[in-house]
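The values are calculated or read from the model by the stated rules, or taken from the named source; none is laboratory data. Since we're looking at a predicted model, the values are computed, not measured. Cβ: placed from backbone, ideal geometry, glycine included. Neighbour counts: every protein chain shown.
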Amino acid sequence: MIKFLLLFSLIFSSNAMSAPITPYEIERNLTDNIQIREYKELLLAKVIVDEDDSENKPFRKLFKFISGENDRSQEIKMTAPVFKENQDSKMSMSFAMPTDFNKENLPKPNDENIKIENIENQKFITITFSGRSSDDNFKEYQEILVKKIKEENIKADLENPIRAYYNHPWTLPFLKRNEILFELN
């Protein structure tokens, strides 16, 4: 029975990673899990809420948008990761749009709180790690990344870490992919 559950979890967790990954180019690997990467073009649907609000609120709004609550009632394929950022007592969550969309052909959200943002040629330094998507894990790996940034004398916006979540919440922790990104100056 345990073998069956483990096999089921592995199959189910690998399906959780089946969402297309937002494309980026690796400029340089600093370690096996720290890299500098560039997003050539990134179209985001973004919701900003008060930091005290539940993470479920912006996620639900964005999920409704890609599920067809838009001016064309068109479903939009989910991509990974989901980005989250806390800044100035606000929290933003963003879904990256599939690469076949641009600002002109993307359906318009019915929810006025969803903003569409286009990012071009933006570089980030990132650290990738597995495990639970807990604040403690993010804090631990953020400290590792900040230390490496300082060692390498890299200019980055250390005030605004961005969390990236690649998997469903029920994915086994050792199969999860999480990241922290800092925008390079």
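Brief remarks follow.
- Selection from the stretch 67-101 of residues that are free of Cβ contacts under 8 Å to residues at least 60 places away in the same chain, under 19 Å from the mean Cα position of the chain (by Cα) and either surrounded by 14 or more Cβ atoms within 10 Å (Cβ to Cβ) or assigned to a loop (DSSP other than H, G, I, E, B) (or both): SER67, ILE76, LYS77, MET78, MET91, SER92, MET93, SER94, PHE95, MET97, ASP100, PHE101
- For LEU43: the one exception among (1) farther than 18 Å from THR126 by Cβ; (2) of a type outside the set (Asp, Glu); (3) touching a helix residue (DSSP H, G or I) at 6+ places or on another chain (Cβ under 9 Å); (4) not in a loop (DSSP other than H, G, I, E, B): (3)
Each row is one residue, and each column tells you yes or no for (1) at pLDDT 95 or above; (2) over 16 Å from GLU179 (Cβ atoms); (3) in contact with a Gly (Cβ under 7 Å, 6 or more places away or on another chain); (4) not in a helix (DSSP H, G or I).
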site: SER9; (1), (2), (3), (4): no, yes, no, no
site: ARG60; (1), (2), (3), (4): yes, yes, no, no
site: PHE65; (1), (2), (3), (4): yes, yes, no, no
site: LYS103; (1), (2), (3), (4): no, yes, no, yes
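- The single condition among (1) assigned to a strand (DSSP E or B); (2) closer than 21 Å to GLU27 by Cα; (3) not small (Gly, Ala, Ser) that ASN153 does not satisfy is (1).
- ARG163 being touching a helix residue (DSSP H, G or I) at 6+ places or on another chain (Cβ under 7 Å) and surrounded by 19 or more Cβ atoms within 10 Å (Cβ to Cβ): yes
- Residue check for ASN160: farther than 23 Å from LYS90 by Cβ, in a loop (DSSP other than H, G, I, E, B) and not aromatic (Phe, Trp, Tyr): no
- Residue list for the stretch 27-46, restricted to those being in contact with a strand residue (DSSP E or B) (Cβ under 6 Å, 6 or more places away or on another chain), among the hydrophobic types (A, V, I, L, M, F, W, C) and more than 30 Å from ASN110 (Cα to Cα): ILE34, ILE36
- PRO107 fulfils the conditions (1) modelled with pLDDT of 95 or more; (2) within 25 Å of LYS176 (Cα to Cα) except for a single criterion, (2).
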